[in-house]
1. Output the number of residues of the stretch 221-232 satisfying the condition of being within 12 Å of the ligand (Cβ to nearest atom) and either part of a strand (DSSP E or B) or open to solvent by less than 10 Å² (accessible area, probe 1.4 Å) (or both).
2. Looking only at the stretch 236-257, filter to residues that are aliphatic (A, V, I, L, M) and under 16 Å from Phe270 (Cβ atoms); which one of those is least open to solvent (accessible area, probe 1.4 Å)?
3. If we keep just the residues of the stretch 304-325 that are of a type in the set (Val, Ile, Thr) and out of contact with any Asp or Glu (no Cβ under 9 Å at 6 or more places or on another chain), which is most open to solvent (accessible area, probe 1.4 Å)?
4. Taking the options Ala195, Ala162, Ala153, Ala177, name whichever one is within 12 Å of the ligand (Cβ to nearest atom) and surrounded by 16 or more Cβ atoms within 10 Å (Cβ to Cβ).
5. I need a count of the residues in the stretch 173-198 that are among the hydroxyl-bearing types (Ser, Thr, Tyr), within 11 Å of Trp218 (Cα to Cα) and not in a loop (DSSP other than H, G, I, E, B).
6. Can you pull out every residue in the stretch 336-351 that is out of contact with any Gly (no Cβ under 6 Å at 6 or more places or on another chain), under 17 Å from Thr120 (Cβ atoms) and not charged (D, E, K, R)?
7. With a cut-off of at least 2 residues that are surrounded by fewer than 15 Cβ atoms within 10 Å (Cβ to Cβ) and either aliphatic (A, V, I, L, M) or over 19 Å from the mean Cα position of the chain (by Cα) (or both), name the strands (runs of 3 or more DSSP E) lying wholly within the stretch 1-100.
Amino acid sequence: MNQVIKITKVSQSRVSEVNLENITMGTQFTDHLFICDYENGEWTNPRIEPLALIPTHPAAMALHYGQAIFEGMKATLGKDGTALLFRPEENAKRMNFSADRMGMPMFPEELFVEALKQFTALEKNWIPTQVGSALYLRPFMYADEPFIGMRAATTYKFIVMASPAGPFFSRKIKLYAEKKYVRAVNGGTGEAKAAGNYAAAIRPTEYAKAKGYDQVLWLDPYTFEYIQEVGTMNIFFKIAGKFITPNLSGSILSGITRMSVIDLLRSKGFEVTERPIKMSEIIEASKNGTLEEAFGTGTAVGIAMVEEIGNNDISIKFPEDNPVSVMVNDTLNAIKVQDSKDEFGWIVEAK
Ligand SMILES: Cc1ncc(COP(=O)(O)O)c(C=O)c1O
């Protein structure tokens, strides 16, 4: 697909009305949207337009059958003021993985990256500059065909919108090891970034918060022994100097931060193993003094250090000091603003 993106700009940007240095992610949106329509078996009319409401038919299939998927990315500013994206081609690939699982059409990966570049370049003035903050980008796709009946829709919209975001969890987090509700089963949709996965997590997360935790730590649905992932993060543990993270078993999301952190840790000489991890192993390491650090990884949160994992039966407390987690966080943040060399070739300029 070699389509030109038609750009219609707002006459006056709203950016001066917003305090970018003190902003909660997801509450303010930038001036424009990127939109592309899927009709008659192809993606057509890619365009950037002023942000506006989109009329939706009440029978739009996404509202009834949940054909809705999304991505999450962040744009930062480089040293010379160029807007930067972090591994956008990985989001393009994962979006199509999700689309395939949910019976939705593939979006051309080249157009995905080009759309993100042009859109981000246009919204550059909305990128906050405080350390750890960024412009959150939300590509998503949903079925807008008006139809009642169970089949794949024939029309869709692919949209990119953006929201300035301050640093997410700036404090350490407490995770509730959930033993009643489950997030994903083998063969289910846990590996896709499908909207319904998040809907199903809302009530259990509310329960966890009511008990004083920040997020749910999801366990496997068969034995409630194996660790899967956290709300919107993958998880890493450091035990006796070595890192472990749950392997991509088919029911956890393949996080782009996760894959980057694995490469980063290995480049610093750490051993990182992707394998099934039992809760009992973490409890044992805590008892015998070898449990050193744990952190969640995700685009929205970056690196979220864990202070406790608990539920009605257990309470695992992590040591106060977590030097490697801090190093990973600082290195990723530095790469994203070109304060540190991009040895891995992760940064893509948006211009
Ligand atoms: C369920 C889930 N796991 C993990 C992640 C982390 O993925 P990434 O590092 O690509 O943001 C996310 C966020 O996208 C998520 O929603």
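The values are calculated or read from the model by the stated rules, or taken from the named source; none is laboratory data. Not measured: the values here are computed from a predicted model. Every residue, glycine as well, gets a Cβ built from its backbone with ideal geometry; the counts of neighbours run over all protein chains shown. What goes into the accessible areas is simple: the full protein's heavy atoms, side chains included, and nothing from ligands, DNA or RNA. Shrake-Rupley method; radii C 1.70, N 1.55, O 1.52, S 1.80 Å.
1. The total comes to 3.
2. Taking the stretch 236-257 first, the residues aliphatic (A, V, I, L, M) are 239-240, 244, 248, 252-253, 256.
Pick out the ones that are also under 16 Å from Phe270 (Cβ atoms) and you get 239-240, 244.
Values: Ile239: 31, Ala240: 62, Ile244: 13 Å².
So the residue we want is Ile244.
3. Ile314
4. Ala195
5. Of the residues in that region, 1 qualify.
6. Val337, Trp346, Ile347, Val348, Ala350 - these are the residues of the stretch 336-351 that are out of contact with any Gly (no Cβ under 6 Å at 6 or more places or on another chain), under 17 Å from Thr120 (Cβ atoms) and not charged (D, E, K, R).
7. Numbers: elements: 32-39, 42-50, 68-70, 73-77, 83-86.
The strands (runs of 3 or more DSSP E) meeting that bar are 42-50.
This table checks each residue for (1) modelled with pLDDT of 95 or more; (2) charged (D, E, K, R); (3) open to solvent by less than 60 Å² (accessible area, probe 1.4 Å).
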residue	(1), (2), (3)
Glu274	yes, yes, no
Thr290	yes, no, yes
Asn329	no, no, yes
Asn333	no, no, yes
Phe344	yes, no, no
